[in-house]
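To start, the structure itself, in structure tokens.
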């Protein structure tokens, strides 16, 4: 008999056998059985369940099996669709891409290309006959005629940023201009943004002629554009840049218009918006109008008193290039333009269609809408497509074209690729991906829209995931898996919530007040709140679930989140038991969270800028007590439940000092705290998927210990730690 001791995490594991025989010999029939002994400490947890059926509950290992949509590009006439699909290798953690071209009429794949170095910047030529794409530092051109590919004999080391010329004879691209190396022993700071890598870089616009290979520098710009767009007539290029400003909001949006005929560039508009508060810009076919998304109002300096408006809620703006006048096209539009939820609404553009209208997307009450605005009439339309959420939208923009393509997002299934005819209001699944995942795994299908009206009379949005194989007569723990800041949750596949559900947890995913995508008033409460209303909404929702959902054990609830959510993981445990917003969490997990708002404000690379929207007008010198009252560090003595802290030591967004301070406080107070640091890791602890998934496994092990009385996996991980 062969025996072997093995330590296994809960979840799905494969046991492989191989028969090895010398050449010329054949193996006799053989059989095997598996038996196991379980330590007495774990005898009540249940034995492993052997099976020959490969189908299993969705788990962490399935992350690597997922097909990823990396990009979609529909031709301008809507007849051809380029699809960039990626798959991550578990062996080396790298993503390999497969580029496919499909005939949208016949629904046939006509060409595919395997790209080990990835694919980006898909762009169809104006005549719809050629597809430009970049792989590594090489640029390629696919010709539909003959299904052939040619490599453009020049190197483009900058990532992406290519545009076709209107005549299809060349391409425009941006080249980074970096300053000379500074070998000084010190660095003089040029401004707040100088902490950011590449902030000192400038940018040059180039034109590359495809036939001759001629490369011409057309324009040098100080500061790199965030977005740029070319008019359909080929004469104008508009760039949106971020310039520093000494007063609020400490940055301004500058639109630079370049005339290709005269070679002249001029600033046509400067809006008082931060870098992350405006997104895509798009220019009309004749170059006379520019549309963009931005907050509902500008911030006009330190002395201007403005209402507390969450600048993450966007509306559509339009600029008259000739007069310089700018306006919101539909004041009071409740949907958040060009915004997204977690895992849906990403990479959706604003485009100016040849038929004269602007197409854009907007987030509202958990769904993503396809919208249009028509100049002249100012009519805005909004409609749902074939799925309640979608990402990577690509719009056919030729005159009369009405096809769009996108990744269709839903709650209870992995995404597929869809197409939709916006004139006929008809569409659906075009390409099914992740067939293997559906064949090999199963996951909870019961996900309720768990919306409720809170004690302030406000409807709070959320979802409740039921455990896989839920039995209402059983008792289950619950994990709150959320963010709590300006980004909420919509109709999309949330893979880690599914993992928790597979492992026997209820999962509550709330979008408390402060999140954009639920109307302006809902978003505006984020400003200067920092925990008060956010925690009330989540905890009231949790109490509502415990009181109304069979099987939820209110004595076994935990919370986990990161960044702003990591702040909440600390904040929630500082709420006293006699406070009306208190909820008895057993434990929380804070990933790269904020403990001291003042130190985050001054040290985090985003600190000053994010606090401009989240704590507008509040500074450590004019509202010191506000900073104390809202910082978990100053209430650390209220924390009595176990807390897990995780942080990357190279985090520039939320510096590791935030977790260091909380860890120091809790150790001095002799509280139950574990702090895990990742050297070299930045915000998110995701330089590799291996490290990222390791943190997720730690979440499960920690909650299994405290919420399911199954400490084995966590204690095994910690068995060689704490030797002093």
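The condition (being surrounded by fewer than 21 Cβ atoms within 10 Å (Cβ to Cβ) and touching a strand residue (DSSP E or B) at 6+ places or on another chain (Cβ under 9 Å)) is satisfied by just one residue among 382, 455: 382. Tell me whether the range 685-705 contains one or more residues that are at pLDDT 95 or above, at positive phi, part of a loop (DSSP other than H, G, I, E, B) and surrounded by fewer than 15 Cβ atoms within 10 Å (Cβ to Cβ). The answer is no, given that none of the residues of the range 685-705 is at pLDDT 95 or above, at positive phi, part of a loop (DSSP other than H, G, I, E, B) and surrounded by fewer than 15 Cβ atoms within 10 Å (Cβ to Cβ). Find the residue count for the range 463-481, including only residues that are out of contact with any helix residue (DSSP H, G or I) (no Cβ under 6 Å at 6 or more places or on another chain) and under 13 Å from residue 497 (Cβ atoms). Counting residues in the range 463-481 that are out of contact with any helix residue (DSSP H, G or I) (no Cβ under 6 Å at 6 or more places or on another chain) and under 13 Å from residue 497 (Cβ atoms) gives 5. Among the conditions (1) in contact (Cβ under 8 Å) with a residue 12 or more places away in the chain; (2) within 30 Å of residue 302 (Cα to Cα), the only one that residue 209 does not satisfy is (2). For the range 621-637, the count of residues that are outside any helix (DSSP H, G or I), touching a residue at least 12 places away in the same chain (Cβ under 8 Å) and more than 15 Å from residue 562 (Cα to Cα) is nonzero. Per the conditions (1) outside any strand (DSSP E or B); (2) surrounded by 14 or more Cβ atoms within 10 Å (Cβ to Cβ); (3) under 28 Å from the mean Cα position of the chain (by Cα), the sole criterion not satisfied by residue 134 is (1).
Of the residues in the range 583-590, at least one is crowded, with 23+ Cβ neighbours inside 10 Å, under 19 Å from the mean Cα position of the chain (by Cα) and outside the structural domain of residue 458 (by TED's automatic domain parsing). Just checking, does the range 480-502 include any residue being surrounded by 19 or more Cβ atoms within 10 Å (Cβ to Cβ) and without any contact (Cβ under 8 Å) to a residue 40 or more places away in the chain? Yes, some residue in the range 480-502 is surrounded by 19 or more Cβ atoms within 10 Å (Cβ to Cβ) and without any contact (Cβ under 8 Å) to a residue 40 or more places away in the chain. Residue count for the range 177-217, restricted to those that are in a strand (DSSP E or B) and over 30 Å from residue 127 (Cβ atoms): 2.
If you go through the range 550-580 and keep only what is surrounded by fewer than 18 Cβ atoms within 10 Å (Cβ to Cβ) and in a loop (DSSP other than H, G, I, E, B), you end up with 550, 551, 576, 577, 578, 579, 580. Scan the range 66-103 for residues that are in contact with a helix residue (DSSP H, G or I) (Cβ under 6 Å, 6 or more places away or on another chain) and in a strand (DSSP E or B) and the total you get is 1. Within the range 347-367, the residues that satisfy the criterion of being on the phi < 0 side of the Ramachandran plot and assigned to a loop (DSSP other than H, G, I, E, B) are 348, 349, 350, 353, 354, 355, 357. Candidates in the range 638-665 are the residues that are in a helix (DSSP H, G or I) and more than 31 Å from the chain's Cα centre (by Cα); of these, the one that is surrounded by the most Cβ atoms within 10 Å (Cβ to Cβ) is 665.
Rundown of residues vs (1) modelled with pLDDT of 95 or more; (2) assigned by TED's automatic domain parsing to the domain that holds residue 226; (3) within 24 Å of the chain's Cα centre (by Cα); (4) over 17 Å from residue 409 (Cα atoms), yes/no style:
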position	(1), (2), (3), (4)
313	no, yes, yes, yes
331	no, yes, no, yes
338	no, yes, yes, no
343	no, yes, yes, no
350	yes, yes, yes, yes
362	yes, yes, yes, no
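Residues of the range 368-386 being more than 21 Å from residue 426 (Cβ to Cβ) and outside any loop (DSSP other than H, G, I, E, B), which ones? Passing the criteria: 373, 374, 379, 380.
Just one of the listed residues (82, 57) is in contact with a strand residue (DSSP E or B) (Cβ under 8 Å, 6 or more places away or on another chain), over 25 Å from residue 405 (Cα atoms) and touching a residue at least 40 places away in the same chain (Cβ under 8 Å), and it is 57.
The values are calculated or read from the model by the stated rules, or taken from the named source; none is laboratory data. Only a predicted model underlies this, so the values are computations on that prediction, with no experimental measurement involved. Backbone-built Cβ (ideal geometry, glycine too); neighbour counts: all protein chains shown.
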